[in-house]
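Here, each number is a calculation from the coordinates, and none is a lab measurement. Only a predicted model underlies this, so the values are computations on that prediction, with no experimental measurement involved. All Cβ positions, glycine included, derive from the backbone under ideal geometry; neighbour counts span all protein chains shown.
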Amino acid sequence: MKKIQMSEQLLVHKIQFLYDVETQIEKALPKMIKKATDENLKAGLSTHLEETTTQRERLEKIFELLDENPKKAKSETIRALVLDSESALELIDDPTLMDMAIAGSARQVEHYEMALYLCAITDAEALGLDNVVQLLEETFQEEEATDEKLADMTEEIVTTTE
């Protein structure tokens, strides 16, 4: 792997990292949707899957703007979060607990994504890449909204079981 020596290269590396994260989430969400029992949670995760595809495509647009080929930089963190989620779900039989665990795992991923997007936004701003900043901020806002929806869904799931 080539050494990063300029801030532009660091931004590209972060975009490659995000590209891997979005791709891994695209693979993981269908499994979560299949295991979820709460209809609102299923619908929310399905919507998020569609958003994730759009977000991956948005990253491909950023690669184009940066005159780079879409390429992934492997994120071990996203793989660990997905693995932790999958292993926890295998320990749960109760549908309500399953839905709570799924929503919680999805929120963990959202927080990780938000942190990554904020870092990339800061770098793109420093480089004066307004078009890239706009695309990254659009995704960040979607991630933030998804986190809020997941928090609300979790509260609803817990409330309906009390």
Label-to-label distance, nm, for residues given as ASP94 and LYS61 (7 Å Cα→Cβ offset)
4.4 nm
How do LYS71, LYS149 line up, fewest other C-beta atoms within 10 Å first?
LYS71, LYS149
Mean projected area, convex hull of alpha-carbon positions in the range 7-161, reported to one decimal in nm², is 8.3 nm²
Pairs of lysines in the chain (C-alpha under 13 Å apart; 8 or more residues apart or interchain):
7
Computed label-point distance, nm, for sites GLU39 and GLU8 using a 7 Å Cα→Cβ extension
5.3 nm
Rounded, prolate or oblate, given the Cα gyration tensor of the range 99-162, with a/c below 1.5 counting as rounded?
prolate
Footprinting proxy, LEU65, LEU11: sorted fewest to most Cβ within 10 Å, the residues are LEU65, LEU11
³J(HN,Hα) computed for each position of the range 67-82 - Karplus, 6.51 cos²θ - 1.76 cosθ + 1.60, integer Hz, glycine/proline x:
6, 10, 7, x, 8, 9, 10, 4, 9, 5, 5, 5, 5, 5, 4, 5
Within the chain, helix-based [θ] at 222 nm, where runs of 4 or more DSSP H residues each add -39,500 (n - 2.57), nearest 500:
-29500 deg cm²/dmol
